[in-house]
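Beneath this line is the structure, given in structure tokens, with notes to follow.
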Amino acid sequence: MSGMIGNATEDTGAAPNGSRRAQLLLLAGIGAATAAAHLGNNFTTYLIGGLIDRYGFTPAQMGVWSMTELLAFAVSMFLVAPRVASLSPRWLMIAAGVLVAAGQFASAGLSGFAPLLAGRIATGFGFGLANTALNLAASRTRLAARAVSVGIAFQTALYTVLNLVLPQVGARHGVGGMFVALGAVVAVLTLSAVWLPDAAAAPVNRPSGVRAAPMTADSWRVIAAMALFSFGSLAIWPFVERTAHAIGLSAVAFGRYQSLATLACATSNVVLAIVVARLRVGWALAAALLVCGLSCAALTTVASAPAFATALVLYNVSWLLVYPLIIGIACMIDPGGRLSVLCSGTWLLTMALGSLITGLSVQKLGAYTLVGPFGLLFCIAAIIVVMPLALRSAQDRADVL
């Protein structure tokens, strides 16, 4: 990634001739912001299982609970998107850490459904601010897809450990212990905010003073692709631990499989960061979307532990390849960062709707079986929408690099 993403200075993080140390610190900040922003949607599944087991909440209630956090996540990003060019990634990350840590610590002592929903609003807003911080920092580099990929590699390496540790914390200290553990992780990650840019800055790959590009047909196409992809692939995600439980896997066993999956994600994103500048983006994106849809379908239809583990690994890896590729296309269309923030907000909004629909359908039908195959159909629709744009972006990429 060095030499391609831009280099940090003390104030802006965007000067193209900064030191290698500044580059590495910027990367570390992006990685920590990525990990902090996605703790919720990666580990809420453990909290949902713990809350169902401890307090007897229904799947529909947990669908609402998950949706509330995701909606707050999306709303915070949509609120800041119009002002994104003038915001400081560093201070966004600090505000995010305070909100998320406070929400998690407070939730550890709560048992009522309404107070727990309030905690999800706080954490959701915090996750949205952290995600905005990382999108802004990445958009101020020469190749945003590479910056996001390196951040995801850091995130998934950390999550490999957390997937092993968090179920053990839950077994010993209950769901309250898991809330505290996740709040502590965010508090530590927030310290990395000092490595993020402290002020607004123009992207390094465009002339100084360039603002966000106007919304065009291509802008709406990439947003539509993100919506279809995230709605289809993530509707099952908050309940995936429950689908594992339905075929006889314990939370600890699921954690081991998820740890393996996140380790594979870290490896695949390191590879993506290395080859993305030479990658045929359109075909790579289509392949990753198809694998994501097929593995999503398998997660709710297979009945054996090895098949479930294989599907889980492919699902995680393909999802975390599709996301940076779409964000990279968004940053090429709008290097100011607004479109990438809107794409991330769309991802959360459609995931929230998917979580609610999944919770309600499972409550009515009593099974998760149909959720995965519908996800496959939506991923195929995303391929149809994004392919022309992805192929065109590959032709335009030389102007960006």
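Points to keep in mind about this one:
- In the chain, helical runs assigned H by DSSP with n ≥ 4 each contribute -39500 (n - 2.57); averaged across all residues and rounded to the nearest 500, the mean residue ellipticity at 222 nm is -27000 deg cm²/dmol.
- Counting only alpha carbon atoms, the long axis of helix 338-365 and the longest principal axis of the chain meet at about 10°.
- Residue order for SER259, SER149, SER295, fewest other beta carbons within 10 angstrom first, comes to SER259, SER295, SER149.
- Between ARG278 and VAL165, the FRET efficiency estimated from the beta carbon spacing at R0 = 56 angstrom works out to 0.90.
- When the Cα atoms of the chain are aligned to their principal axes, the ranges along those axes come out at 56, 41, 32 Å in descending order.
- For the chain, a crude dipole built from +1 on the beta carbon of Lys and Arg and -1 on the beta carbon of Asp and Glu, taken about the Cα centre, is about 340 debye to the nearest 20.
- The chain, relative contact order [Cα under 8 Å, separation at least 6], %: 27
- In degrees, nearest ten, helix 251-275 long axis to first principal axis of the chain (Cα): 10
- Counted residue by residue at 0.36 nm each, then reduced by the alpha carbon distance between them, the extension gain from ILE380 to ALA217 reaches 56.6 nm.
- Alpha-carbon centroid distance for the pair segment 253-296 / segment 82-120, whole angstrom: 29
- Charge dipole (segment 20-400, unit charges on Cβ, about Cα centre) - positive-most of LEU87, PHE308, VAL188: LEU87
- Vicinal HN-Hα couplings computed from phi for segment 278-285 (Karplus, 6.51 cos²θ - 1.76 cosθ + 1.60; Hz; Gly/Pro x): 10, 7, 7, 4, x, 6, 5, 5
- Under 18 Å from the ALA367 label point (7 Å along Cα→beta-carbon), backbone N, segment 301-345: 301-305, 308
- Ascending count of other beta-carbon atoms within 10 Å, so fewest first, for PHE231, PHE127, PHE374: PHE374, PHE231, PHE127
- Crossing angle, helix 39-55 versus the chain [Cα axis fit, 0-90 degrees, rounded to tens]: 10
- By the compact-protein rule of thumb, 2.2 N^0.38 Å, the alpha-carbon radius of gyration of segment 217-306 corresponds to a ratio of 1.29.
- Counting every other Cβ atom within 10 Å of each residue's Cβ, HIS245, HIS173 order from fewest to most as HIS173, HIS245.
- Net lengthening on full extension, THR267/ILE247 (0.36 nm per residue, minus Cα-Cα): 4.4 nm
- Stretch in the chain that is longest and holds no trypsin sites (Lys or Arg not before Pro) that DSSP places in a loop and that have at most 15 other beta carbons within 10 Å: 1-210
Taken together, the values in this text are just the output of simple stated rules run on the coordinates, not laboratory data. The model shown is predicted, which means the values in this text are computed figures rather than measured ones. When we count neighbours, we look across all protein chains shown, and the Cβ atoms used for this are built from the backbone with ideal geometry, even at glycine.
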